[in-house]
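The values are calculated or read from the model by the stated rules, or taken from the named source; none is laboratory data. If you're wondering where the values come from, they're calculated on a predicted model, not measured in any experiment. Virtual Cβ from ideal backbone geometry, glycine too; neighbours counted across all protein chains shown.
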Amino acid sequence: MKKILLGLLLASPGILWAQGSQVNTQSQKAVGMAGAGSALFIDEASIFYSPGALAKMDHNALSVGASGVMYRSAFRELNSNDVHHTKFKITPPFAVFAALGPKNSWWKAGIGVYTPFGGSVDWGDQWPGRYELNHLQMRAIYIQPTLSFKLTENFGIGGGFVYNVGFVDLSRSIPAAGADGQPGRAELSGVGTGMGFNLGVHYHLEDNVAISLSYRSKVVTKLKDGDAEFTVPPALAASFPNTTFNAELPLPASFNFGISFPASDRVDIAADATFIGYSIYKELNFDYKDNTPALTDTRQIKKYENALSAKVGVNYQTTDRLALRAGAGYVYTPVRGPYVSPETPDNNRLMGSVGFTYDINDKWDITGAYVFQQLMERTVASAATGLTGTYKTNIHAPGLSLTYKW
C-alpha cells in the first residue's frame, strides 16, 4: 500500500515545461501580432527578442508591462458525462526593460527582467485526477543584462547573460483518508536558480526589409532544499516524514528567425518561426533528504519532443500617434500523449491576437494587446497513473505596457 501511495504521489510533478507554461508576453507589441515582430520592432524589448537590434535604437527607454493570463481547462473522464473545470485564476507575467547609451551611437546597453515561463492552475480536490494534482503555481523570472553593437548602419549584434530564479508551489491528494474522512495531502514548494545566455543579430536589407536571428540557451534550474510536507493518517506518518528535496528542471533552448517587410507606406508585415529544444526534458528526478522504504528517490520518464511555432502579424500605422495590430499563429506541442498531465494538459494550438500603441506625447506611449489561444481537444491515458479522459483548454491573455523615452 505504501509503495502504491508513493507511486501515485510522485507520478507527475512535471512542473512547467510544456507549451502551456511558456509565456510569450515580453513585448505587448509582439503580443498584438501573435508573437511576431522580432525583426520589425526595434525597441527596448529587443533585449529579449533580438539583442542585435538594440544598438539601432536612436533613443533610450524604460518600459514596464504585464499580462493577465487566464488559463481555463476542462476534463471529462472516459465513460463519464461529468466535466470538471479548473478554478478561475489570473497569472500576471511581467516584463521590465531598460535601454541606455549615447544617442545614435554604435552601442547600447540594457537590462531585462521578465517571466518566460509561468502559470497557475487549480483543479481542486474533487476531480478524478486529484491524486495527480490539486493546484500548481510557478514562475521563472529571468534577469538579463545585455550589450549590443552596431557594426554597420544595417547590421547589429548583441547578447546577454541570463540568471533565472524559479518559484514552484504545488499540492495533490493522497489516497489515504484520516479519521475525519478527509484524504491525505502532499505539498511541494521551493526556489531554484539557473544560468544561460541570449544572442542575436539583426540586419536591414534594401527597401526596409529586415531579418532577425536569435538563440536563447537552455537554463537548467537547480532546485535545492525544497520543502516536502505530507498530511497523512498517523499510521503512515513515519513513512512520509516532512523533509526537503533537490531536483533539476530544464528550461529549453530556442532558435528564432524573424522577417519583416513593408506592404505600403503605413503597413508592415512580420513573421516569426521558432524551434524549441524540448527534447532535453527526458526525465524528472527527485532526491529526498530523508528516505524511508516508502519515500524513495524517484525517476519519472517524460520523453518530450522538440517543438515548432509559426506566427504572422500586421502593423498598421493609422495616424502619426496610433498603430493597430493583428496576428495569428500555430504552435506544435512537445508533449506526447502518454505524458500529458493536468499541470499543463498541452496540445497543438491556434492563436489570434489584436493590439495597439498610442503615443501620448514624444516621451510616453501606451501599448495594449489581447491574445486568445485554443488548444485542440485531446484524449489521453496517463502513463504514470492510468487516468484516461479528454482535456480541453483555452487561454486568454490581455496586457498593457507603458514606455518612457528620452
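The table below lists the values:
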{"read-out": "Hits in segment 123-166 (condition: over 23 Å from MET195 (Cβ atoms), over 23 Å from the mean Cα position of the chain (by Cα) and polar (S, T, N, Q))", "value": "GLN126, THR152, ASN154"}
{"read-out": "So ILE111, is it farther than 30 Å from SER279 by Cβ, of a type in the set (A, V, I, L, M, F, W, C), modelled with pLDDT of 85 or more and not in a strand (DSSP E or B)", "value": "no"}
{"read-out": "Evaluation of GLY352 against (1) under 20 Å from the mean Cα position of the chain (by Cα); (2) part of a strand (DSSP E or B); (3) crowded, with 20+ Cβ neighbours inside 10 Å (one fails), failing number", "value": "(3)"}
{"read-out": "Verdict on THR379 being in a strand (DSSP E or B), modelled with pLDDT of 90 or more, in contact with a helix residue (DSSP H, G or I) (Cβ under 9 Å, 6 or more places away or on another chain) and crowded, with 16+ Cβ neighbours inside 10 Å", "value": "no"}
{"read-out": "Residue within segment 118-136 that is of a type outside the set (Val, Ile, Thr), under 13 Å from LEU54 (Cβ atoms) and not in a loop (DSSP other than H, G, I, E, B) present", "value": "no"}
{"read-out": "Answer residue from segment 150-177, given it is without any contact (Cβ under 8 Å) to a residue 60 or more places away in the chain and crowded, with 19+ Cβ neighbours inside 10 Å and is nearest to TRP107 (Cα to Cα) among those", "value": "VAL162"}
{"read-out": "Test: residue in segment 148-162 that is among the β-branched types (Val, Ile, Thr) and under 13 Å from LEU54 (Cα atoms)", "value": "yes"}
{"read-out": "Residue satisfying condition, being surrounded by fewer than 21 Cβ atoms within 10 Å (Cβ to Cβ), modelled with pLDDT of 95 or more, closer than 22 Å to LEU54 by Cβ and under 22 Å from the mean Cα position of the chain (by Cα), within set GLY200, GLY196", "value": "GLY196"}
{"read-out": "Sole residue being surrounded by fewer than 20 Cβ atoms within 10 Å (Cβ to Cβ) and modelled with pLDDT under 95, chosen from LEU62, LEU78", "value": "LEU78"}
{"read-out": "SER73 touching a strand residue (DSSP E or B) at 6+ places or on another chain (Cβ under 6 Å) and hydroxyl-bearing (Ser, Thr, Tyr)", "value": "yes"}
{"read-out": "Whichever residue in segment 132-146 is out of contact with any Pro (no Cβ under 8 Å at 6 or more places or on another chain) and over 30 Å from ALA235 (Cα atoms) and, among such residues, is surrounded by the fewest Cβ atoms within 10 Å (Cβ to Cβ)", "value": "PRO145"}
{"read-out": "Tally, over segment 178-193, of residues that are charged (D, E, K, R) and either crowded, with 17+ Cβ neighbours inside 10 Å or in contact with a Lys or Arg (Cβ under 8 Å, 6 or more places away or on another chain) (or both)", "value": "1"}
{"read-out": "Count of segment 239-257 residues which are more than 18 Å from the chain's Cα centre (by Cα) and either closer than 25 Å to TYR163 by Cβ or exposed (fewer than 15 other Cβ atoms within 10 Å of the Cβ) (or both)", "value": "5"}
{"read-out": "Verdict on THR357 being out of contact with any Gly (no Cβ under 6 Å at 6 or more places or on another chain) and either charged (D, E, K, R) or surrounded by fewer than 18 Cβ atoms within 10 Å (Cβ to Cβ) (or both)", "value": "no"}
{"read-out": "Cross-chain or 6+ apart pairs with Cβ under 8 Å, segment 193-215 first and under 13 Å from SER46 (Cα atoms), then outside any strand (DSSP E or B) and aromatic (Phe, Trp, Tyr)", "value": "ASN198/PHE48; GLY200/TYR49; SER212/TYR49; SER214/TYR49"}
{"read-out": "Residue selected from segment 65-121 under the condition of a type in the set (A, V, I, L, M) and under 19 Å from the mean Cα position of the chain (by Cα), by the criterion nearest to PRO345 (Cα to Cα)", "value": "VAL121"}
{"read-out": "Out of LEU295, LEU284, LEU236, LEU308, sole residue that is over 25 Å from THR357 (Cα atoms), of a type in the set (A, V, I, L, M, F, W, C), in contact (Cβ under 8 Å) with a residue 24 or more places away in the chain and buried (at least 21 other Cβ atoms within 10 Å of the Cβ)", "value": "LEU295"}
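To keep it simple, each residue is scored yes or no on (1) acidic (Asp, Glu); (2) within 17 Å of the chain's Cα centre (by Cα); (3) surrounded by fewer than 18 Cβ atoms within 10 Å (Cβ to Cβ).
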| site | (1), (2), (3) |
| --- | --- |
| VAL331 | no, yes, no |
| VAL335 | no, yes, no |
| SER341 | no, yes, no |
| ASP346 | yes, yes, no |
| ILE366 | no, no, yes |
| GLN373 | no, yes, no |
| TYR391 | no, no, no |
| GLY399 | no, yes, no |
| TYR404 | no, no, yes |
